[in-house]
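What follows is one structure encoded as structure tokens, with my remarks underneath.
The values are calculated or read from the model by the stated rules, or taken from the named source; none is laboratory data. Just so it is clear, the model here is predicted, and its values are computed rather than measured. Here the Cβ is made from the backbone with ideal geometry for all residues, glycine too, and neighbour counts use every protein chain on show. Accessible surface is based on the protein model in full, side chains and every heavy atom, while ligands, DNA and RNA are left aside. Shrake-Rupley method; radii C 1.70, N 1.55, O 1.52, S 1.80 Å.
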Amino acid sequence: MIEECAGAAMVLDRDCYGITISANVIAHNWNGIQLRDAWGCAVSANTFTIVAERALFIGPGAGRITVTGNNFSNDYLGAGLRKRTRPDAAWPK
């Protein structure tokens, strides 16, 4: 679990290739995963919960990326209930 990062939880930059990012819980971060200069990588089976800006960013310097089976969510519990009572606009503080 990667949580409460002031920036990105993970960054792939500078000629990264053939990397798999899989089965992580990325929660309460400002940004999730950034693929800036990544080639032939896979992002799969991750859970992104309450990410403020971009849960997954694939930049113009990245390519041949496979994204599958990820969950992007907030704090919804079902039946109209949410875990947190503070307004979304107040997060993160």
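Ignoring ligands, DNA and RNA, please state the percent of accessible area on the chain from carbon and sulfur, probe 1.4 Å.
Accessible surface attributable to carbon and sulfur in the chain totals 51 percent.
Considering only protein heavy atoms, what per residue accessible area in square angstrom results for the chain with a 1.4 angstrom probe?
Heavy-atom SASA per residue in the chain reads 63 Å².
How many percent of DSSP beta bridges within the chain run antiparallel, rounded to 5?
Antiparallel: roughly 10 percent of the beta bridges in the chain.
Under a plain spin-label model, where a point goes 7 Å from the Cα along Cα-to-Cβ, how far apart in nm are L81 and T68?
That separation, rounded to one decimal, is 3.5 nm.
Could you check the simple spin-label distance between Y17 and E3, using points 7 Å along Cα→Cβ, in nm with one decimal?
Result: 3.8 nm between the two label points.
With no solvent and one point per C-alpha, what does the Debye sum give as log10 I(q)/I(0) for the chain at q = 0.17 Å⁻¹?
The computed values of log10 I(q)/I(0) come out as -0.72.
When 1/r is averaged over all different Cα pairs and the result inverted, which Kirkwood radius in Å belongs to the range 1-43?
After inverting the mean inverse Cα-Cα distance, the result is 10.8 Å.
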